[in-house]
Structure formats: structure tokens, C-alpha cells
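Have a look at the structure below, then the notes.
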Amino acid sequence: MVGLLLAAVVASVWRLDLVGAVAGSSGGLDELLAFLARFAAPDLSGGFLRQVGQGTVETLAISLIGTLLAIVVGGALALPASGRAGPAGKRLARFTLNALRSVPELVWATLTVLAAGLGPFAGTLALGLHTTGVLGRLYAEALENAPPAPEAALRGAGAAAIPAFLYGTLPNVMPQWVAYALYRWEMNIRMAAILGFVGAGGLGAQLYYALSLFQEAQAATVILAMLLLSLVVDALSQTLRRRLVV
């Protein structure tokens, strides 16, 4: 096994010509360091900071709305995907979820930009479509692993199917569902910033514009805004998840 792994590594290095690339780039090391040095002085002017603030709010809104759409649609598809609509419904729902999550967010963004035009709406749709596939599958697995006794007891006492599910099964899976949603929201914050490179709005669009014009100082400011936004959302999400566990 170790020999096969080493052979795969060597073959990969040879196929990608990494040794030649490193050797050939040695002469451009000074140019690379000079390029990175131009990022060391971010643009902190008031006018540009206001633009970055607007892009930050737009990125946050894209990730939040996209995640909320995925929670609703993914939760709805999770019910048949967990087997509550029979074998045919389970297969169809799982196929839909697998199809949605198998397409990366950037590909969805490219398609939605072509369909809906440039702007944050395309980014919101792209995140919603991919995240629906991910959350729907996770929600379905949580439903399948939920203890059946509470719902069965309510049905045995004469409760209808919907109330039995709402009061018997849903309370058991809800903390897990919320934790999954918060985790995906963290990831969507970062992805929403990247989607701007294909015209989906937010900080990514500002970063793409700055890099296209070789405005390293402005690009550094946008990158710092992305970092701060990710740190804040990560801290908020971790706090909420800890409270759910407690």
C-alpha cells in the first residue's frame, strides 16, 4: 500500500511537471516578493472602505438568503429522501439531492449568471441550489437515524401523521439540523465571496475588479474584509452550536 502511494505521488509530480515548474520559477522569486509586498499597504481611505462595507453586507446577505432557501427546500426534500414517501419517492428525492450537490457552487453560479444576469441574485441562487443538495442529504440521514419510538407512541395514541412527526421526531433532529445549517452558513460566507469572480456580486466582484486593474492596495483591503467577515461568522456560529449542545 505504501509503495502504491509513493508511486502515485511520483507519477503525479511527473505528470504535473512540478520539478520543472519550481526550477523555472527561481528567477522570478524577486518579482513574486515584490508583487506580495504591494499588498502590504491596504487602501484605508474612507470612500473605498464604504464600498468594501457595502460589498461585505451584500456578501453576508447572499450567504444568508442562499442558506435559508436551502434549509427550506432541503428540509422538504429530506422527508421523501428518508423514505417517508415510499421507495419511489425516496429514489427520486435522493437523485435530486445528489444532482444538486454534485455540481460545484462556481458552476451553478456560472449557469445562474447566464440565466438571471450579473449580480447578487445569481449568487444567491447558486448557493441555494448546491446547499440544498448538501443539507437535504444530511437532514435525510438525521431523520433515518432518529429513534422511531416517540413518533410511534404518538401514532399509537391516535395522533395523525403530521402531528406525530412534529412532536415525536422533529424535536430529536432539530438541534442536528440547526447545527448543520450553521456549519453550511460558515462555508457559504467564504463561497459567496468567491462567487463574485464569475459576476455574482459581493466582495468577490470587488476583488476581481481590483486584481484586474492591478490595484493591489484595494485588493488587500477586500481580502482583509473577507477574513474579518469569516472570523466573525465562525465565532457566532460556534457560539450558537455550543448552546444547542448544552
Next item on the list: Answer with yes or no whether ARG155 is out of contact with any His (no Cβ under 6 Å at 6 or more places or on another chain) and under 22 Å from THR67 (Cβ atoms).
Entry: no
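State whether one or more residues within segment 75-98 are in a helix (DSSP H, G or I), closer than 20 Å to ILE189 by Cα and either in contact (Cβ under 8 Å) with a residue 24 or more places away in the chain or charged (D, E, K, R) (or both). Working first, answer last.
Pass one, segment 75-98, residues in a helix (DSSP H, G or I): 75-84, 86-98.
Then keep just the ones that are closer than 20 Å to ILE189 by Cα; that gives none.
Checking segment 75-98: not a single residue is in a helix (DSSP H, G or I), closer than 20 Å to ILE189 by Cα and either in contact (Cβ under 8 Å) with a residue 24 or more places away in the chain or charged (D, E, K, R) (or both).
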Check: Could you list, in sequence order, the residues of segment 187-226 that are small (Gly, Ala, Ser) and part of a loop (DSSP other than H, G, I, E, B)?
Finding: GLY199, ALA200, GLY201, GLY202
Item checked: Breaking point among (1) open to solvent by less than 40 Å² (accessible area, probe 1.4 Å); (2) modelled with pLDDT under 90; (3) closer than 19 Å to ARG184 by Cβ, for LEU106 -> (1)
Notebook entry, point to check: Which one is surrounded by the most Cβ atoms within 10 Å (Cβ to Cβ), of the residues in segment 172-218 that are closer than 21 Å to LEU60 by Cα and among the polar types (S, T, N, Q)?
Noted result: ASN188
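Out of LEU92, LEU69, LEU77, which single residue is crowded, with 22+ Cβ neighbours inside 10 Å and modelled with pLDDT of 90 or more? If you could, list the steps in order and put the result at the bottom.
Working: LEU92 fails: crowded, with 22+ Cβ neighbours inside 10 Å; LEU69 fails: crowded, with 22+ Cβ neighbours inside 10 Å.
One residue alone meets the criteria, LEU77.
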Check: Quick one: GLY168 ticks every box in (1) within 22 Å of the chain's Cα centre (by Cα); (2) farther than 17 Å from ILE71 by Cα; (3) among the small types (Gly, Ala, Ser); (4) assigned to a helix (DSSP H, G or I) bar one, so which box is it?
Finding: (1)
Check: Residues of segment 170-189 being in contact with a Leu (Cβ under 7 Å, 6 or more places away or on another chain) and among the polar types (S, T, N, Q), which ones?
Finding: ASN188
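May I ask you to list the residues in segment 126-149 that are of a type in the set (A, V, I, L, M) and more than 12 Å from the chain's Cα centre (by Cα)?
Start the filter on segment 126-149 by keeping residues that are of a type in the set (A, V, I, L, M), which leaves 126-127, 129, 134-135, 138, 140, 142-143, 146, 149.
Residues satisfying the conditions are LEU138, ALA140, ALA142, LEU143, ALA146, ALA149.
The values are calculated or read from the model by the stated rules, or taken from the named source; none is laboratory data. As the structure is a computational prediction, the values presented were derived from the model and not from experiment. Cβ: placed from backbone, ideal geometry, glycine included. Neighbour counts: every protein chain shown. These accessible areas exclude ligands, DNA and RNA; they are computed on the full protein's heavy atoms, side chains included. Shrake-Rupley method; radii C 1.70, N 1.55, O 1.52, S 1.80 Å.
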